[in-house]
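The values are calculated or read from the model by the stated rules, or taken from the named source; none is laboratory data. Quick caveat, the model's predicted, so the values are computed rather than measured. Glycine also receives a Cβ, built like all others from the backbone with ideal geometry; neighbour counts cover every protein chain displayed. Surface areas here come from the heavy atoms of the whole protein model, side chains and all, with no ligands, DNA or RNA. Shrake-Rupley method; radii C 1.70, N 1.55, O 1.52, S 1.80 Å.
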Amino acid sequence: IHNDIQPYKPPGARGVVLVEGLAGSLGLVSCLIQGNPIRGFKVGVWLEAALASTTINGNQIEQCGFGVMARKPIAVRELAIDCNQLTRMAEAAVLVHSMAGNDSLARVSLRGNQFDAASEQPGTQVSCRSGDIVFTDNHGHHQRSPKPGVVHTGRSLIVASNRITGDAPSSIELQPLNKDAYTLVGNITSGAITHNGGALLPKWVPLNPILP
């Protein structure tokens, strides 16, 4: 909490790392990463450990390749990425692949984050195939990519009150594994919002205006 984290010689490899072996040997089940300026790394926060509950809150992550990343699927019950500022990301602000823990289905939330990224991949991408994703009150810009700024895959999706802009024709791509288990209200985007690669149902269109 409240550390100023930057590499001695940038770019550093990883700023904050939750290591699988250390967490397991100490019997850790939860973690809070809060209020840290993190800058100049290839990955700002790297998640490896299978913790039951992890909160990443109120961090200022700047000039990194990836802001928050779990490239390999991690077993997690609850993951909250809330109220962070992720600026000038060279690759992606958030890239997380999670899977359910042994005792409960996974729950992932991204709320109140500000981010910008410039790469060929989505700016924010979360895959929670055996659990649920909440994505609300985020403000993001994604450029230099034909892919959507936001791509989420999960058992169910709640997407509300976000402002997502960028260069791509599609700003948000929703991939609910149960095709009807999603809600989409009050988002403002520069491009279309798509559902499993296709158009939204007509009932959602007037609730999510596209910028002129």
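Couple of notes before you dig in:
- Candidate aspartates and glutamates - alpha carbon under 16 Å from residue 179, same-chain residues fewer than 8 apart omitted: 132
- Rolling a 1.4 angstrom probe over the protein heavy atoms with all chains in place gives the chain an accessible area of 46 Å² per residue.
- Portion, in percent, of the accessible area of the chain that falls on carbon or sulfur, probe 1.4 Å: 55
- Normalised by the number of residues in the stretch 75-146, the mean separation of alpha-carbon contacts (under 8 Å, six or more apart) gives a relative contact order of 36 percent.
- Residue-count net charge about residue 128 - beta-carbon cut-off 12 Å; Lys, Arg +1, Asp, Glu -1: +2
- Across the stretch 24-89, counting alpha-carbon atoms alone, Rg and Dmax equal 12.0, 35 Å.
- Cα→Cβ-extended label distance, 7 Å offset, between residue 144 and residue 4, nm: 2.8
- Trypsin sites (Lys or Arg not before Pro) within the stretch 115-212, DSSP loop, no more than 13 other Cβ atoms inside 10 Å: 144, 179
- The calculated FRET efficiency for residue 178 paired with residue 88, based on their beta-carbon distance and R0 = 41 Å, is about 0.70.
- Taking amide hydrogens as placed 1.01 Å from N in the peptide plane, the amide H of residue 75 sits under 5 Å from those of 99, each at least 5 positions away in sequence or on another chain.
- Extension gain for residue 188 to residue 121 (0.36 nm times residue separation, less C-alpha to C-alpha distance): 22.0 nm.
- Debye-sum result for the stretch 123-170 in log10 I(q)/I(0), which assumes one identical scatterer on each alpha carbon, at q = 0.17, 0.24, 0.26 Å⁻¹: -0.50, -0.88, -0.97
- Contact order normalised by residue count of the stretch 58-212, Cα under 8 Å, 6+ apart, percent: 16
- Working note: 222 nm ellipticity from helices only, DSSP H runs with n ≥ 4, each -39,500 (n - 2.57), summed and divided by the residues of the chain, gives -1000 deg cm²/dmol to the nearest 500.
- Kirkwood hydrodynamic radius (C-alpha pairs) into Stokes-Einstein, the stretch 66-212, 20 °C and 1.002 mPa s, D in µm²/s: 144
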